[in-house]
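To start, the structure under review is shown below, and the notes come after it.
The values are calculated or read from the model by the stated rules, or taken from the named source; none is laboratory data. Remember, predicted model here, so these are calculated numbers, not experimental data. Here the Cβ positions follow ideal geometry from the backbone for every residue, glycine too, while neighbour counts run over all protein chains shown.
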Amino acid sequence: MRIKTVKAQRLSNFNSIGRDYDVIYLKNSSELHDIANNFIILGNGTNSLFVSEQSNPFVSLKEMTAVKFLNSYTIEAEAGILLPNLITQLKKKSLGGLEFTYPVPATLGAAVYQNFGAFGKEIGFMVKKVTVFDKTEQRFYSIDTHNTAEYFFYRDSYFKQHQLVITNITMELPTLSEHEVNDQLNAISNKRQSIYPLKKTLGSIFLNTPECSAGKLLDEAGLKGKVHNGAYVSEQHANIIINKSASSEDIYDLIQLMKTSVKKKANISLKEEIFIY
Ligand SMILES: Cc1cc2nc3c(=O)[nH]c(=O)nc-3n(C[C@H](O)[C@H](O)[C@H](O)COP(=O)(O)OP(=O)(O)OC[C@H]3O[C@@H](n4cnc5c(N)ncnc54)[C@H](O)[C@@H]3O)c2cc1C
């Protein structure tokens, strides 16, 4: 393992300006035994905002990216691999299934932790076994997740609810030709870009509510295009913040403003989908 001090703006492509953080980069999962159990796991930071000083270090699994092809449709991958890189490797073996995530540069581990979903699909349906590290018990074990409904929920999972560190994921994937995968990647990428800009965002800031989508509530509260220092709410989609040159604190303040505006207008309390540290 190696330890590095990293500026907030280098922890994700969102690049909001902030403090320095200590990050421990692991080479393999067994190193989890060698660190104190008060760490915070970091994926690729696409859904994370780094605001406050942290007394505990971040641990990154981004250097753990191995993929094993177990049979013609089953793979086992390490949690740190980025989804676009995994898609590229799968394509070469005529496997698909993850196109709906494209081109979001999330790690596989975080995508499983949050049950990444889009366009009517969720990653949990393809996940058959998850190996985890339990920080409290200081041990590894594997969980059979064939019974999807027991382990995966809307932007949530058993692993998130139990604060488990995901180290390896076994997935069963559909056979697709490289040509079919490429067609789907283009279609999904175009569709995403028509909904909101993909660069310098954190994805959806808030979870949808049972009554209504967060985007609609924010739109009705007049948030589209709202500017705050170096950031603004997308004119295309009111649940998306675009960063131009803002600090993490500026983004945090804009999030609070969005929340209070919806509370005032619709008397609904929005809950963040993103993780704020
Ligand atoms: C442009 C854009 C579009 C997006 N579109 C979608 C979408 O369509 N659907 C969707 O669901 N999400 C979407 N997202 C949100 C986000 O990318 C995902 O939810 C993704 O899972 C976050 O991955 P990450 O590696 O960046 O995680 P991070 O932001 O680094 O971490 C997110 C959380 O996961 C935890 N975590 C990370 N790795 C592990 C692990 N191995 N074990 C346990 N916990 C872990 C972290 O502690 C943190 O709590 C989008 C984001 C962006 C920027």
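A few remarks follow.
- Qualifying residue in the range 243-259 (condition: farther than 30 Å from residue 56 by Cβ, within 16 Å of the ligand (Cβ to nearest atom) and not assigned by TED's automatic domain parsing to the domain that holds residue 52): yes
- For residue 84: the one exception among (1) in contact with a Pro (Cβ under 9 Å, 6 or more places away or on another chain); (2) in contact (Cβ under 8 Å) with a residue 60 or more places away in the chain: (2)
- Subset of the range 92-143 (residues that are among the basic types (Lys, Arg), more than 18 Å from residue 74 (Cα to Cα) and part of a strand (DSSP E or B)): 121, 139
- Residues being over 16 Å from the mean Cα position of the chain (by Cα), aliphatic (A, V, I, L, M) and in a helix (DSSP H, G or I) are entirely absent from the range 155-174.
- Residue under evaluation residue 146, criteria (1) part of a helix (DSSP H, G or I); (2) more than 15 Å from the ligand (Cβ to nearest atom), criterion not met: (1)
- Residues that are within 10 Å of the ligand (Cβ to nearest atom) and either surrounded by 15 or more Cβ atoms within 10 Å (Cβ to Cβ) or within 28 Å of residue 93 (Cα to Cα) (or both) within the range 154-192 comprise 155, 157, 159, 160, 164, 165, 166, 167, 168, 169, 188, 192, listed in sequence order.
- Residue in the range 205-214 that is in contact with a Leu (Cβ under 7 Å, 6 or more places away or on another chain), in a strand (DSSP E or B) and aromatic (Phe, Trp, Tyr) present: yes
- Positions within the range 203-215 being touching a residue at least 12 places away in the same chain (Cβ under 8 Å) and either surrounded by fewer than 18 Cβ atoms within 10 Å (Cβ to Cβ) or closer than 14 Å to residue 253 by Cα (or both), in sequence order: 205, 207, 209, 211, 212, 213
- Among residues of the range 31-61 being part of a loop (DSSP other than H, G, I, E, B), under 23 Å from residue 199 (Cβ atoms) and more than 13 Å from the chain's Cα centre (by Cα), the one that is farthest from the ligand (Cβ to nearest atom) is 51.
- Test: residue in the range 110-121 that is under 17 Å from residue 192 (Cβ atoms), of a type in the set (Ser, Thr, Tyr) and surrounded by 15 or more Cβ atoms within 10 Å (Cβ to Cβ): no
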